[in-house]
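Here's the structure, in C-alpha cells; my notes come after.
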Amino acid sequence: MAGSVTVVAGPSGVGKGTLIRRVLASDTDLWLSVSATTRAPRPGEVDGVDYVFLSAEDFDNLREAGGFLEWAEFAGNCYGTPAAPVTDRISRGVDVILEIDLQGVRQVRANLPAARTVFISPPSIDALGSRLASRGTEDPAAIERRLAAAQDELAAAGEFDCVIVNDDVEVAANQLLAWVHKPANEH
C-alpha cells in the first residue's frame, strides 16, 4: 500500500512547526520531508536534517531535471522540496509530511494531485500578531509585513482540504494527526 502526502501550510508564527513536531513525536512512522536550499547553513544547522544544502548549480540542475515537487526563490536563495525522497517513501508505504508555503502548496497540488492539504490558521489576526511579537526576533515593521502576508494566506484557506485553527496546541496537534491518518477516500 502506498503512503500518503500531507502538505501543511499557514502564516508565519501560526505554529506549524510546533504542531508537526508533536505529530511526529506521536507517530514515529511518519516522515517529514527536508527542503533543499541554496543558502549557506546557519550556525548549528545540519545538512540533511535542517535543509539539504545545495550549490546554485546543483539546485538548477535538479530543477531543470524536474527533481522538485515545488520550488521558489526568496531573498536571493532558492528553496524546494526534492521529489525523489518523497516519492521513494510513498512507494514504500510511508506517510509523508511537507511544511511549505502557499505558492509551494499550489505547485505540489499540480505535481502530486493525491496530496492532502492542511491550512493552519491562527484564532485571529491579533493573536498571530501577539505570537510574532512574543518571539522577539523581529522589529515592528517586519511583524507588520508578516501580518500583511498572513492576510493574503488566510484569504486562500478555502483552497485547502482541511483548516485547523491553532488555538490550543494539543487539540490542533490531535486534529492534524487525525487528518494525516484519515483514509484517502474520506477526504
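The values are calculated or read from the model by the stated rules, or taken from the named source; none is laboratory data. Keep in mind that what you see is a predicted model, and the values were worked out from it rather than measured. For neighbour counting, all protein chains shown are included, and Cβ atoms are generated from backbone atoms with ideal geometry for every residue, glycine included. Ligands, DNA and RNA are excluded from the accessible area calculation, which covers all protein heavy atoms including side chains. Shrake-Rupley method; radii C 1.70, N 1.55, O 1.52, S 1.80 Å.
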*Tabulated pairs, the stretch 66-95, first without any contact (Cβ under 8 Å) to a residue 12 or more places away in the chain, second open to solvent by 20 Å² or more (accessible area, probe 1.4 Å) and in a strand (DSSP E or B), C-beta under 9 angstrom, 6+ apart or interchain*: GLU73/TYR79
_Residue in the stretch 15-27 that is among the hydroxyl-bearing types (Ser, Thr, Tyr) and open to solvent by less than 50 Å² (accessible area, probe 1.4 Å) present_ = no
*Is at least one residue of the stretch 131-150 touching a His at 6+ places or on another chain (Cβ under 6 Å) and on the phi < 0 side of the Ramachandran plot?*
no
*In the stretch 137-155, residue modelled with the lowest pLDDT [restricted to those that are part of a loop (DSSP other than H, G, I, E, B) and either farther than 16 Å from GLY15 by Cα or open to solvent by less than 80 Å² (accessible area, probe 1.4 Å) (or both)]*: GLU138
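Going residue by residue through the stretch 63-79, is there one that turns out to be assigned to a loop (DSSP other than H, G, I, E, B), touching a helix residue (DSSP H, G or I) at 6+ places or on another chain (Cβ under 6 Å) and modelled with pLDDT of 95 or more?
Applying the first criterion (assigned to a loop (DSSP other than H, G, I, E, B)) to the stretch 63-79 yields 65-67, 75-76.
Imposing the further condition that a residue be touching a helix residue (DSSP H, G or I) at 6+ places or on another chain (Cβ under 6 Å) reduces the set to 67.
Next cut, modelled with pLDDT of 95 or more only: 67.
Checking the stretch 63-79: at least one residue is assigned to a loop (DSSP other than H, G, I, E, B), touching a helix residue (DSSP H, G or I) at 6+ places or on another chain (Cβ under 6 Å) and modelled with pLDDT of 95 or more.
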*Does the stretch 103-123 hold any residues that are farther than 30 Å from GLY66 by Cα and open to solvent by less than 50 Å² (accessible area, probe 1.4 Å), and which are they?*
SER121, PRO122
